[in-house]
Each structure stands twice: as structure tokens, then as C-alpha cells.
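The values are calculated or read from the model by the stated rules, or taken from the named source; none is laboratory data. None of the values given here were measured: they were computed from a predicted structure. All Cβ positions, even for glycine, are placed from backbone atoms using ideal geometry, and neighbour counts span all protein chains on display.
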Amino acid sequence: MPDPRYAVAAVLVTAAVTWGLRALPFAALTPLRASRTVRYLSARMPAGVMVILLVYCLRDLPVTHPRGLAPLIALAVTVGLHLWRRNALLSILGGTAVHVVLASAVFTH
């Protein structure tokens, strides 16, 4: 029969490592919050990331083919919803729903 002290020690070591790994990001980010560079990046990166994702997703879009309209219409709905309500969740869900409906029901071949 295995020694129960071994199991207790293993659980304690695992708990200590898990706690340390979860606390480390908070301890490492504390000095970065005062950084001017981090403040600049936090203000500019979200829009830049969205532009990169948009270009990546639409780069191979067949704009001359009718099925290429589904993503473009969904993009317009997403932008319109976001400008209207300023709610990211509503914009994402609305645009996704429009795309799914158009791609699976309207522009199927």
C-alpha cells in the first residue's frame, strides 16, 4: 500500500505550483501598468488587430461570385449594428447570424 504522506506531498506541491503560475501574471503586470508604451499599445492595438483580422478573412473573397456577398453583407450588418448600438456582443452575434443564414440558405450551390 502506498504511503499517504506521498499523496499529500504531491497534492501540496501541485497546489503550490498552480497557485504560483496563476499569481505570476498579476505580479509581472503590475510594473507594466505605469509604462507609457503599454498605455499607447492598449489604446492602438485593438483597432489594428481588427483591421488585420478583417484583411485576413476577406483576402480570398470571390467578389465576382454571388456567394462572396454573404460575408460582405454580414460585415455591413456587423458594422451597422456596432455603430447603432455600440455593443460588441450584439454586433458579433448579429453579424454571425446574418452570415450563417446567408451562407447556408440564400447563397447555397
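Below are the figures for this structure:
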read-out	value
Segment 7-32 - residue that is within 22 Å of the chain's Cα centre (by Cα) and surrounded by fewer than 10 Cβ atoms within 10 Å (Cβ to Cβ) and, of those, modelled with the highest pLDDT	Arg22
Among the residues listed as Pro66, Pro31, the single one being touching a residue at least 40 places away in the same chain (Cβ under 8 Å), at negative phi and not β-branched (Val, Ile, Thr)	Pro66
Whichever residue in segment 53-65 is loosely packed, with under 10 Cβ neighbours inside 10 Å and among the aliphatic types (A, V, I, L, M) and, among such residues, is nearest to the chain's Cα centre (by Cα)	Val55
Sole residue being of a type in the set (A, V, I, L, M), at pLDDT 90 or above and closer than 30 Å to Ala103 by Cα, chosen from Val49, Val55	Val55
Residue, modelled with the lowest pLDDT, within segment 33-46, restricted to residues that are surrounded by fewer than 10 Cβ atoms within 10 Å (Cβ to Cβ) and of a type in the set (Lys, Arg)	Arg33
Residue among Gly80, Gly68 that alone is surrounded by 11 or more Cβ atoms within 10 Å (Cβ to Cβ), at pLDDT below 90 and closer than 30 Å to Thr108 by Cα	Gly68
